[in-house]
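K.L.:
I am attaching a structure below and will ask some questions about it afterwards.
The values are calculated or read from the model by the stated rules, or taken from the named source; none is laboratory data. Note that the structure is a prediction, hence the values are computed from the model and not measured. Backbone-built Cβ (ideal geometry, glycine too); neighbour counts: all protein chains shown. These accessible areas exclude ligands, DNA and RNA; they are computed on the full protein's heavy atoms, side chains included. Shrake-Rupley method; radii C 1.70, N 1.55, O 1.52, S 1.80 Å.
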Amino acid sequence: MKKTLYIFKSGELRRKDNTLFFESEEGKRVLPVEDTNDIYIFGEVDVTKRFLEFAAQKEVCIHYYNRYGYYAGTFYPREHLNAGHVVVKQAEHYIDMERRVDLARRFVEGAIGQMRQVIRYYRSRIKDGTEQFSDILSQIESHSARLNDSTTVEELMAVEGHVRETYYKAFDIILNSPDFPFEKRSKRPPLNRLNALISFGNSICYTMALSEIYKTYLDPRIGYLHSSNFRRFSLNLDVAEVFKPIVVDRLIFTLINKRMITKKDFDKHTDGIMLSESGRKTFISELDKRMQTTVNHRHLGKSVSYRRMIRLELYKIQKHILGEKEYKPYQSLW
């Protein structure tokens, strides 16, 4: 399986013959381009036109983050998998409101299912929070009951918003840390440490989904739950909803509960709180390990990595819009 490269240092990415290398004050480092899935750039890195041409040729997406850890944009090479029929079907499912709402509802159901599973997982492990977890699950069921009655994307988003707000009540029970209270969801900028972790993790999850879409016939600009408006990409946001609870949130709980990230790993800025460079490195290192972790896929009858799971989810969406098989979101069993 190809790997993801993360660059935190400042320097220059260059091409020499059929090789890519990164040059910094510490010297040159050859990048195994044939074994590279995508590249994340967090440092001040210059690139040459020849480098971008070669990256496009080798089908490597490059994701840029600014000095504060905010997602800045993606170098998304020209699509190498082209199928006009798939794009037409994607557009048809977006324009036909009934089909769009149906698909958007499936994404919301998938996200809610994963949130439920996260709470159940910790309910079985944190005995003194059993009653509180059960109450939160009951509230989630109450909100979820409105899904089938929702006839617009806006109504689905409202249901998802209420469920997520309820789900976040479980964070303080799971973490029980005075250094990481949830308080309320805040972003752009996050106003406390826990929100900084959630925002950073979600942005990485969105770009991971984007990289996987590039390996399919799907067009990332056509989403269903998230409107295809003036944002460049939206399908990756839809798909990421299914994976954020089990990938990002579960990782955050592990990092804090095992004290792998502490309050020292954050910087306070004028308008909010951000992960420091050391914090981002720790988060990325552990996230990369998690994405390579394999879980049993009950339909395939074999173990696959979380990264591969995202690709398989996209194949299911593609089959749905082509009318081959109805899309059922992945549901974690643990």
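K.L.:
If the requirement is being in contact (Cβ under 8 Å) with a residue 40 or more places away in the chain and in contact with a Ser or Thr (Cβ under 9 Å, 6 or more places away or on another chain), which of these qualifies: Arg307, Arg280, Arg221?
P.N.:
On the way: Arg280 fails: in contact with a Ser or Thr (Cβ under 9 Å, 6 or more places away or on another chain); Arg221 fails: in contact (Cβ under 8 Å) with a residue 40 or more places away in the chain.
Answer to the check: Arg307.
K.L.:
Could you tell me whether any residue of segment 144-155 is more than 22 Å from Ser227 (Cβ to Cβ) and either of a type outside the set (Asp, Glu) or within 20 Å of the chain's Cα centre (by Cα) (or both)? Let's see the steps before the verdict.
P.N.:
We begin by selecting, within segment 144-155, every residue more than 22 Å from Ser227 (Cβ to Cβ); these are 144-145.
Retained after the next criterion (residues that are either of a type outside the set (Asp, Glu) or within 20 Å of the chain's Cα centre (by Cα) (or both)): 144-145.
Yes, there is a match, as at least one residue in segment 144-155 is more than 22 Å from Ser227 (Cβ to Cβ) and either of a type outside the set (Asp, Glu) or within 20 Å of the chain's Cα centre (by Cα) (or both).
K.L.:
Oh, and also: Could you grab me the full set of residues in segment 234-250 that are surrounded by fewer than 22 Cβ atoms within 10 Å (Cβ to Cβ) and either in a loop (DSSP other than H, G, I, E, B) or in contact with a Leu (Cβ under 7 Å, 6 or more places away or on another chain) (or both)?
P.N.:
Scanning segment 234-250 gives a single hit, Ser234.
K.L.:
Can you name every residue in segment 159-217 that is under 21 Å from Ile41 (Cα atoms) and aliphatic (A, V, I, L, M)?
P.N.:
Within segment 159-217, Ala196, Leu197, Ile198, Ile204, Met208, Ala209, Leu210, Ile213 qualify.
K.L.:
Provide a single number: the residues in segment 187-241 that are farther than 22 Å from Ala83 by Cα, among the β-branched types (Val, Ile, Thr) and touching a Lys or Arg at 6+ places or on another chain (Cβ under 9 Å).
P.N.:
The number of residues fulfilling the criteria is 1.
K.L.:
Can you pull out the residues in segment 172-225 that are assigned to a loop (DSSP other than H, G, I, E, B), open to solvent by less than 20 Å² (accessible area, probe 1.4 Å) and hydrophobic (A, V, I, L, M, F, W, C)?
P.N.:
In the first step, residues of segment 172-225 are kept if they are assigned to a loop (DSSP other than H, G, I, E, B); the result is 176-192, 214-225.
Within this subset, residues satisfying the condition of being open to solvent by less than 20 Å² (accessible area, probe 1.4 Å) are 180, 182, 186, 190, 192, 214, 216, 218-220, 223-225.
Of everything in segment 172-225, those that are assigned to a loop (DSSP other than H, G, I, E, B), open to solvent by less than 20 Å² (accessible area, probe 1.4 Å) and hydrophobic (A, V, I, L, M, F, W, C) turn out to be Phe180, Phe182, Leu218, Leu225.
K.L.:
For segment 281-299: of the residues being polar (S, T, N, Q) and outside any loop (DSSP other than H, G, I, E, B), which is surrounded by the most Cβ atoms within 10 Å (Cβ to Cβ)? So that I can check it myself, show each step before the final result.
P.N.:
Taking segment 281-299 as the starting set, the residues that turn out to be polar (S, T, N, Q) are 282, 285, 292-294, 296.
Filter again for outside any loop (DSSP other than H, G, I, E, B), leaving 282, 285, 292, 294, 296.
Details: Thr282: 17, Ser285: 12, Gln292: 14, Thr294: 13, Asn296: 11.
So the residue we want is Thr282.
K.L.:
Would you mind telling me which numbered condition in (1) part of a strand (DSSP E or B); (2) open to solvent by 30 Å² or more (accessible area, probe 1.4 Å); (3) hydrophobic (A, V, I, L, M, F, W, C) Phe22 fails?
P.N.:
Here Phe22 clears every test but (2).
K.L.:
Go through segment 320-334 and report how many residues are in a loop (DSSP other than H, G, I, E, B), aliphatic (A, V, I, L, M) and within 19 Å of Ala240 (Cα to Cα). First the steps, then the outcome.
P.N.:
Kept after step one, since they are in a loop (DSSP other than H, G, I, E, B), are these residues of segment 320-334: 322-334.
Checking which are aliphatic (A, V, I, L, M) leaves us with 322, 333.
Of the ones still in play, those that are also within 19 Å of Ala240 (Cα to Cα) are 333.
So the answer is 1.
K.L.:
In segment 38-82, how many are assigned to a strand (DSSP E or B), open to solvent by 50 Å² or more (accessible area, probe 1.4 Å) and among the hydroxyl-bearing types (Ser, Thr, Tyr)?
P.N.:
Total satisfying the criteria: 2.
K.L.:
Residues of segment 252-280 being open to solvent by 40 Å² or more (accessible area, probe 1.4 Å), closer than 18 Å to Arg67 by Cα and β-branched (Val, Ile, Thr), which ones?
P.N.:
Result: Thr270, single match.
K.L.:
Then there is this: Which residue, of Met260, Met291, is out of contact with any Leu (no Cβ under 8 Å at 6 or more places or on another chain), aliphatic (A, V, I, L, M) and closer than 20 Å to Ala111 by Cα?
P.N.:
It is Met291.
K.L.:
Taking segment 221-256 only, how many residues are of a type outside the set (A, V, I, L, M) and more than 15 Å from Gly201 (Cβ to Cβ)?
P.N.:
Applying the first criterion (of a type outside the set (A, V, I, L, M)) to segment 221-256 yields 221, 223-224, 226-234, 236, 238, 241, 243-245, 249-250, 253-254.
Now restrict to residues that are more than 15 Å from Gly201 (Cβ to Cβ): 221, 223-224, 226-234, 238.
Adding up the residues that qualify gives 13.
K.L.:
Okay, next question. Can you work out which of the residues in segment 132-163 that are outside any helix (DSSP H, G or I) and open to solvent by less than 20 Å² (accessible area, probe 1.4 Å) is nearest to Ile95 (Cα to Cα)? Write out each step before concluding.
P.N.:
Taking segment 132-163 first, the residues outside any helix (DSSP H, G or I) are 145-152.
Of the ones still in play, those that are also open to solvent by less than 20 Å² (accessible area, probe 1.4 Å) are 147, 150.
Numbers: Leu147: 21, Ser150: 18 Å.
Within segment 132-163, the match that is nearest to Ile95 (Cα to Cα) is Ser150.
K.L.:
Shifting gears a bit: Looking at segment 251-280 only, could you name the residues that are assigned to a helix (DSSP H, G or I), under 21 Å from the mean Cα position of the chain (by Cα) and closer than 28 Å to Trp334 by Cβ?
P.N.:
Leu251, Ile252, Phe253, Thr254, Leu255, Ile256, Gly279, Arg280
K.L.:
Determine if segment 95-106 includes at least one residue that is aliphatic (A, V, I, L, M) and loosely packed, with under 15 Cβ neighbours inside 10 Å. Spell out the reasoning first.
P.N.:
In the first step, residues of segment 95-106 are kept if they are aliphatic (A, V, I, L, M); the result is 95, 97, 101, 103-104.
Next, only the ones that are loosely packed, with under 15 Cβ neighbours inside 10 Å stay: 95, 97.
Yes - at least one qualifying residue is present in segment 95-106.
K.L.:
Continuing with the same structure: Can you say whether Arg29 is farther than 19 Å from Tyr70 by Cβ, in contact with a Phe, Trp or Tyr (Cβ under 6 Å, 6 or more places away or on another chain), assigned to a strand (DSSP E or B) and open to solvent by 60 Å² or more (accessible area, probe 1.4 Å), as far as the supplied structure shows?
P.N.:
Values: farther than 19 Å from Tyr70 by Cβ: yes; in contact with a Phe, Trp or Tyr (Cβ under 6 Å, 6 or more places away or on another chain): yes; assigned to a strand (DSSP E or B): yes; open to solvent by 60 Å² or more (accessible area, probe 1.4 Å): yes.
Against the criterion (farther than 19 Å from Tyr70 by Cβ, in contact with a Phe, Trp or Tyr (Cβ under 6 Å, 6 or more places away or on another chain), assigned to a strand (DSSP E or B) and open to solvent by 60 Å² or more (accessible area, probe 1.4 Å)), Arg29 qualifies.
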